[in-house]
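In what follows, a structure is listed as structure tokens, so that the remarks can point back to it.
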Amino acid sequence: MIDTFPSGGKTPRSFAIDPSGKFLLSAGQDSDNIAGFTIDTKTGRLTATGDSVEVGAPVCIVFARAQ
């Protein structure tokens, strides 16, 4: 089933799923934020975490391995 879900920001520019597959981050280019969501691993449904970080005009989200 395909569904839609609010991105947590204005003009969603990028999103990324963390390596564990449990979280999704969404970048709002015109709201200058990155919003967090949890992913239900059984259904794929998103739930907003309520967490958001201010970032100036985010364009791309990439998860990098810690060194």
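The values are calculated or read from the model by the stated rules, or taken from the named source; none is laboratory data. What you see is a predicted model, and the numbers here were worked out from it, not measured in a lab. Cβ placement follows ideal geometry from the backbone for every residue including glycine, while neighbour counts extend to all protein chains displayed.
Being of a type in the set (A, V, I, L, M, F, W, C) and closer than 12 Å to residue 47 by Cα is the filter here, so list the residues in the stretch 1-32 that pass it. Hits for the stretch 1-32 are 5, 23, 24, 25. Applying the criterion of at least 2 residues that are surrounded by fewer than 14 Cβ atoms within 10 Å (Cβ to Cβ), of a type outside the set (A, V, I, L, M, F, W, C) and modelled with pLDDT of 95 or more to the strands (runs of 3 or more DSSP E) found wholly in the chain leaves 46-54.
Cβ-Cβ distances below 8 Å connect the following pairs, each with a first residue in the stretch 46-67 that is on the phi > 0 side of the Ramachandran plot and aliphatic (A, V, I, L, M), a second residue that is loosely packed, with under 14 Cβ neighbours inside 10 Å and outside any strand (DSSP E or B), and a separation of six or more residues or different chains: 57/30.
Taking the stretch 1-46 as the range and being touching an Asp or Glu at 6+ places or on another chain (Cβ under 7 Å) and either of a type in the set (S, T, N, Q) or closer than 24 Å to residue 65 by Cα (or both) as the test, the residues that pass are 11, 33, 36. Quick check on the stretch 1-37: of everything there that is without any contact (Cβ under 8 Å) to a residue 12 or more places away in the chain and not hydroxyl-bearing (Ser, Thr, Tyr), which residue is nearest to residue 59 (Cα to Cα)? So, considering only residues that are without any contact (Cβ under 8 Å) to a residue 12 or more places away in the chain and not hydroxyl-bearing (Ser, Thr, Tyr), the one nearest to residue 59 (Cα to Cα) is 2. For residue 20, the test of being of a type in the set (Ser, Thr, Tyr) and under 13 Å from the mean Cα position of the chain (by Cα) is failed.
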